[in-house]
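Engineer: Here's a structure for you.
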């Protein structure tokens with residue numbers, strides 16, 4: 001299967017998140033240029049967080065667990081337009097409950113040089129998973145995620161193999177627990 005998503009057009013942004021040019025996703029990633037993305041944390045009414053296991057067909061982080069849904073902000077779109085689009089594309093959700101903006105991540109090497117707005121919503125499903133994007137979805141308790149993220153950070157610090165969570169998710173979860181759910 002050919003990954004055509006590398007041809008999608010994204011905006012390259014400067015250090016202040018202002019658009020400076022438009023290039024293909026593949027070119028932006030190859031040159032490690034700063035661009036935009038969104039992440040949505042979908043919680044159940046019981047407080048569990050839905051994570052997705054990225055498809056092995058993905059060109060980055062295939063087979064790793066990540067936020068409930070995520071995606072690049074396409075050229076000419078806003079963060080606010082992208083988040084509901086990604087919920088629909090990846091999980092089949094036309095969210096009944098509002099998306100709440102939590103925070104904005106600054107671009108780092110660990111998050112792929114992306115300004116990323118992180119949103120939260122509540123939904124128990126059912127979900128219609130995009131098979132070309134996601135291999136599996138599963139609910140996790142926050143305390144379980146705290147342990148898992150700490151283990152991933154230890155693996156990174158020791159230079160070991162065995163990462164199962166994306167580094168972007170680890171960053172987002174640590175910030176969420178420190179700033180939002182403390």
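Engineer: Per-residue ellipticity at 222 nm for the chain, helices alone: DSSP H runs ≥ 4 residues times -39500 (n - 2.57), over residue total, nearest 500 deg cm²/dmol?
Structural biologist: -8000 deg cm²/dmol
Engineer: Per the Debye formula with a single identical scatterer at each Cα and no solvent contribution, what log10 I(q)/I(0) holds for region 46-130 at q = 0.11, 0.14 Å⁻¹?
Structural biologist: -0.31, -0.51
Engineer: Another question about this same structure. Quick one: which of 38-50, 154-166 comes out on top by average Cβ neighbours within 10 Å, and what's the full order, highest first? Please report the intermediate quantities before stating the final value.
Structural biologist: Numbers: 38-50: 19.5, 154-166: 11.8.
Per-residue mean Cβ counts within 10 Å order the peptides as 38-50, 154-166.
Engineer: Let me ask something else. Using just the C-alpha positions of region 1-88 as equal point scatterers, what log10 of I(q)/I(0) does the Debye formula give at each q in 0.21 1/Å?
Structural biologist: Normalising to I(0) and taking log10 leaves -1.11.
Engineer: Please compute the Kirkwood hydrodynamic radius of the chain from all pairs of different C-alpha atoms, in Å with one decimal.
Structural biologist: One decimal place: 16.7 Å for the Kirkwood radius.
Engineer: Here's something else I'd like to know. Compute from the Cα atoms of region 137-182 the Rg and the Dmax, the latter being the longest Cα-Cα distance, and quote both in angstrom.
Structural biologist: 10.9, 31
Engineer: Something else about it: Give me the one-decimal nm value for the distance between modelled label points at residue 44 and residue 16, 7 Å along each residue's Cα-to-Cβ direction.
Structural biologist: Distance between label points: 4.6 nm.
Engineer: Additional query: For a footprinting-style exposure proxy, rank 61, 69 by other Cβ within 10 Å, fewest first.
Structural biologist: Neighbour counts put them in this order, fewest first: 61, 69.
Engineer: Let me ask you something else. In square nanometres, what is one fourth of the surface area of the convex hull spanned by the alpha carbons of region 1-52?
Structural biologist: That works out to 5.7 nm², a quarter of the Cα hull's surface.
Engineer: What nm value, rounded to one decimal, do you get for the distance between residue 178 and residue 164 when each label is placed 7 Å out toward the C-beta?
Structural biologist: Calculated label separation equals 2.5 nm.
Engineer: Right, next: Residues of region 156-182 with the amide nitrogen closer than 15 Å to a label point 7 Å from the Cα of residue 110, along Cα-to-Cβ, please.
Structural biologist: Label zone hits: 156-160, 163-179.
Since every read-out is calculated from the coordinates, none of them should be taken as a lab result. Fair warning: this is a prediction, and the values are worked out from it, not measured in the lab. Cβ sites come from the backbone with ideal geometry, for glycine too, and all protein chains shown count toward neighbours.
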